[in-house]
Amino acid sequence: MIQLPFADRAEAGRLLAAELVSHSLPANVVVLALPRGGLPVGVEVAKAFGAPLDVVIVRKLGVPWQPELAMGAIAGGSFKILDEETIRALGVSPEEIDAVVARESGEVIRREKLYRRGRPALDLQGRTVVLVDDGAATGSTMLVAARYVRSLKPSKTIIAVPVASVQASKRLRKQADACVCLATPEPFAAVGQWYADFRQVTDAQVQRYLELDRRTPAK
């Protein structure tokens, strides 16, 4: 029985790793974390399995005159999902979409360079990928990440989060070979409410997590 709130993301990561043991992960497993909050969770999972750790960066595509409203999302710099219904309803033009995609693609590439410091992304083809975040309220970001990862042809994709809303958990189970979620408390307002310590993870911390991982040879 999981006791909420988690002390912090590291504790949540250790508990998540313990649950993943039952999935008999193969030696070629790769852990991908969603920055920034997913990194402290992902590092504990990667440590438990001696697996390499990397990031997958997802950016929302906001409506030009209402940026907080998503009309899609992008991952990996070029993989995109568009909400055609929202685009049609609001009359967003192809030129406007292209401009937003170009800007956010540049931001994905900038962050990948910042976090990896020149190290290439891991080759996922034929490997088991565990996608990790610190939680899922709607599941939208993880959904895009999962679809992007599947496009890179891994042998298996597992979504792993310490906590999620019931709705997000149901959505994510349809997007992977397996979905591991330790708790689905209700009512669910935000991921942060289920952590005693939910301080922001900085870019510098993300770099340190990945730098530590570099010192362990990839399998």
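The values are calculated or read from the model by the stated rules, or taken from the named source; none is laboratory data. Computed from a prediction, not measured in an experiment: that's the story for all the values here. Neighbour counts run over all protein chains shown; Cβ positions are idealised from the backbone, glycine included.
For region 58-69, which residues satisfy the criterion of being under 30 Å from D123 (Cβ atoms) and surrounded by fewer than 22 Cβ atoms within 10 Å (Cβ to Cβ)? Residue satisfying the conditions is K60 alone.
Please count how many residues of region 160-172 are more than 20 Å from G42 (Cβ to Cβ) and surrounded by fewer than 21 Cβ atoms within 10 Å (Cβ to Cβ).
From region 160-172, those more than 20 Å from G42 (Cβ to Cβ) are 165-167, 170-171; that's our starting set.
Next cut, surrounded by fewer than 21 Cβ atoms within 10 Å (Cβ to Cβ) only: 166-167, 170-171.
The total comes to 4.
For region 78-132, the candidate set comprises residues that are crowded, with 18+ Cβ neighbours inside 10 Å and of a type in the set (S, T, N, Q); within that set, the residue that is farthest from R150 (Cα to Cα) is S105. Just one of the numbered conditions (1) touching a Cys at 6+ places or on another chain (Cβ under 7 Å); (2) at positive phi; (3) charged (D, E, K, R) is not true of R173: (2). Just one of (1) modelled with pLDDT of 95 or more; (2) over 17 Å from V55 (Cβ atoms); (3) in a loop (DSSP other than H, G, I, E, B) fails for G192. It is (3). Annotation for region 154-174: at least one member residue is assigned to a loop (DSSP other than H, G, I, E, B), modelled with pLDDT of 95 or more and within 24 Å of A27 (Cβ to Cβ). Any idea how many residues of region 199-210 are in contact (Cβ under 8 Å) with a residue 40 or more places away in the chain and either touching a Pro at 6+ places or on another chain (Cβ under 9 Å) or in a helix (DSSP H, G or I) (or both)? Looking only at that region, the number is 7.
Please determine, by comparing only the residues of region 132-159 that are of a type in the set (S, T, Y) and in contact with a helix residue (DSSP H, G or I) (Cβ under 9 Å, 6 or more places away or on another chain), which one is nearest to V21 (Cα to Cα). Ranking the qualifying residues of region 132-159, first place goes to T157.
Going through (1) under 26 Å from A190 (Cβ atoms); (2) surrounded by 18 or more Cβ atoms within 10 Å (Cβ to Cβ); (3) among the polar types (S, T, N, Q) one by one, T138 falls short only on (2).
Looking only at region 150-159, decide whether some residue is among the charged types (D, E, K, R), within 30 Å of W65 (Cα to Cα) and surrounded by fewer than 19 Cβ atoms within 10 Å (Cβ to Cβ). Quick ask: steps written out before the conclusion?
In the first step, residues of region 150-159 are kept if they are among the charged types (D, E, K, R); the result is 150, 153, 156.
Subset that is within 30 Å of W65 (Cα to Cα): none.
No: region 150-159 contains no residue that is among the charged types (D, E, K, R), within 30 Å of W65 (Cα to Cα) and surrounded by fewer than 19 Cβ atoms within 10 Å (Cβ to Cβ).
In region 76-102, the residues that are outside the structural domain of S140 (by TED's automatic domain parsing) form Cβ pairs under 6 Å with partners that are assigned to a loop (DSSP other than H, G, I, E, B), at six or more places apart or across chains, as follows: E96/P64.
Being at pLDDT 95 or above and over 13 Å from the mean Cα position of the chain (by Cα) is true for just one of D177, D213, D203. Which residue is that?
Numbers: D213 fails: at pLDDT 95 or above; D203 fails: at pLDDT 95 or above.
Result: D177 is the single residue among D177, D213, D203 that is at pLDDT 95 or above and over 13 Å from the mean Cα position of the chain (by Cα).
Would you mind telling me which numbered condition in (1) crowded, with 19+ Cβ neighbours inside 10 Å; (2) in contact with a Gly (Cβ under 9 Å, 6 or more places away or on another chain); (3) of a type outside the set (D, E) A146 fails? The one condition A146 does not meet is (2).
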